Structures are given as C-alpha cells and as structure tokens.
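Any read-out appearing in this document is the output of simple, stated calculations on the displayed coordinates, not a laboratory observation. Since we're looking at a predicted model, the values are computed, not measured. Cβ coordinates were reconstructed from backbone atoms using ideal geometry, including for glycine residues, and neighbour counts include every protein chain displayed.
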Amino acid sequence: MLRLEDVSVSYGEVPALHRLSIEVDAGEMVALIGANGAGKTTTLNTISAILKPSSGRIWFEGERIDQCEPERIVELGILHVPEGRRVFTGLTVEENLAVGTTRWRRRGMSMAGDIERVYKLFPRLQERRNQLAWSLSGGEQQMLALGRALMARPKVLLLDEPSLGLAPNITQEVFRTVRELNEAGLTVLLVEQDAYAALRISRRGYVLETGRVALHGNCSDLRRDVRIQEAYLGK
Ligand code: ATP
C-alpha cells in the first residue's frame, strides 16, 4: 500500500536517511523504532511531503507520491499526527475536529457522524467539546490530535511518538484506541520511543540506525532478538 524505495533525505549537507526502504501493507500496523536521531521523524515528514527526498521513490496505492505537495498527500488519505500533538490551542475541541474534515467536506457531506465516531472513541473529548484546546491535558491533546486526523477519513495514519510526555495509564488508553482503529481496518505506521510498547501492538517492525534500516521483521521475532533487547528493551 505504502512503499519507500531507496529514499535518501538530507538537511542541507547533513544526510539523515540513506537509501531507506520500508513497506506497509493495507491493514497493517508497522512500528518504526530506533534511538534518538535515527531518522524516524524524518521518515514520516518525508512521506507526508514536508521534506523532499534527494533520491528514491515513494509509492502509495500504485501512485508515485514523492514529488506531491502535502495537500495532495492528505487528499490521498495519508494523515500525519506529528510529535508534540499540534492542536490549535485557540480553538475549541469541536472546532479543532472540524478543521480535520477538509478532505471530504467539499463534496457536501455532513461531519456529524464523524464527530460522533471520534467522541465514541474518546468520550473525554465529548465532555470537553466546547473547551479551548489549550486547557486540555497532554493526554487529551493527543486524543484531539488523533481525532482530528480521523476526521479526514484516513487510509493510513502516520503516528509520531504518541506516548511522548504522557502518564502510563493515558499512554495505554491511546495505544488501545490505536489498536482498535487498526483492528477495524486502518493502516498505521507508528514511530515510538517506547520500543517495548510499539513492538507489542504492531505486527511488523523496522529498526532504524543512523538513517538506515538495521533490522526488520515480525514484532514477535524482534522482541526476542538479543540486539533489540539490549539496545531498546533495557534487558
Ligand atoms: P527523535 O526521536 O530524537 O526525534 P528521530 O529518529 O526521529 O529522533 P530525526 O528527528 O528524524 O530522528 O533526525 C534524524 C537526523 O537528522 C538526526 O541526525 C538529526 O540531528 C537530524 N535533523 C533532524 N531535523 C533536522 C533539522 N531540522 N535540521 C538539521 N538536522 C536535522
């Protein structure tokens, strides 16, 4: 469904990704793990066209997308929830969700059903529907960022560090919801600093080291790999 082939990306003269090849099949949840600076965020930013690769190709459902503009990527159904949950802090919860509907509202569809679906997933957002987003807790802002992406009816979610800065019980709630969404058919590419959690909820995983794929495979195999246990799982 989504395929990166030999993708290289640099920040000016500084290389960040070196001939990276990763693949995500329809309906899969795939984890991207690795140390700080390994290139995980750069990979997501490149898929969503915030960054342009210096070489390589990116395909989505058979269409080449590495030269597309970010708006086209959203239109195709690839939704990025960036690190640091960037919600519009001066808008209410519901206004934030409405911003997410741009992809399909032009076709004259109602958004009421989509908002209800988000509220069903995250009842706290419904309780706070008229509250300004700045007044939400970190966990609620993460839910809102996720909910806003869902409003665009994505085919693929690119999730960057959803657990960052959240209390363990809130992290679990967010992961549980992501898992449910995946089980309902949504494809997910998950970047996560918590390698243990990422490898537990995903089906396959890639380990990045200095912009390259160092290892990849089924998460159950990766969890048993001694190199992963020593480097990322604290064993
Ligand atoms: P983290 O978990 O710390 O975000 P990461 O795996 O997501 O790490 P990236 O943020 O993708 O890693 O960074 C990959 C490399 O690119 C690193 O060497 C980083 O220093 C560099 N880099 C990232 N952003 C920029 C930037 N805006 N300008 C210059 N170099 C950058």
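Restricting attention to segment 2-232, close to 55% of DSSP beta bridges with both partner residues there are antiparallel. With a ≥ b ≥ c the root eigenvalues of the C-alpha gyration tensor of segment 76-235, is it rounded (a/c under 1.5), prolate (a/b larger than b/c) or oblate? Judged from the Cα gyration tensor, segment 76-235 comes out prolate (a/c at least 1.5, a/b above b/c). Based on C-alpha pairs under 8 angstrom that are at least 6 apart in sequence, segment 2-232 has a relative contact order of 29 percent.
Dipole orientation for segment 1-87: of the candidates Leu76, Ala49, Leu2, Ala49 has the Cα lying most toward the positive pole (charges on Cβ; Lys, Arg +1; Asp, Glu -1).
Extension gain for the segment Glu75 to Thr210, taken as residue separation times 0.36 nm less the Cα-Cα distance, is 45.5 nm to one decimal. Once both labels are positioned 7 Å from their Cα atoms along Cα-to-Cβ, the gap between Trp134 and Gln172 label points is 3.3 nm. R0 = 35 Å: FRET efficiency of Tyr196 with Ser8, Cβ-based, nearest 0.05? Efficiency, rounded to the nearest 0.05: 0.70.
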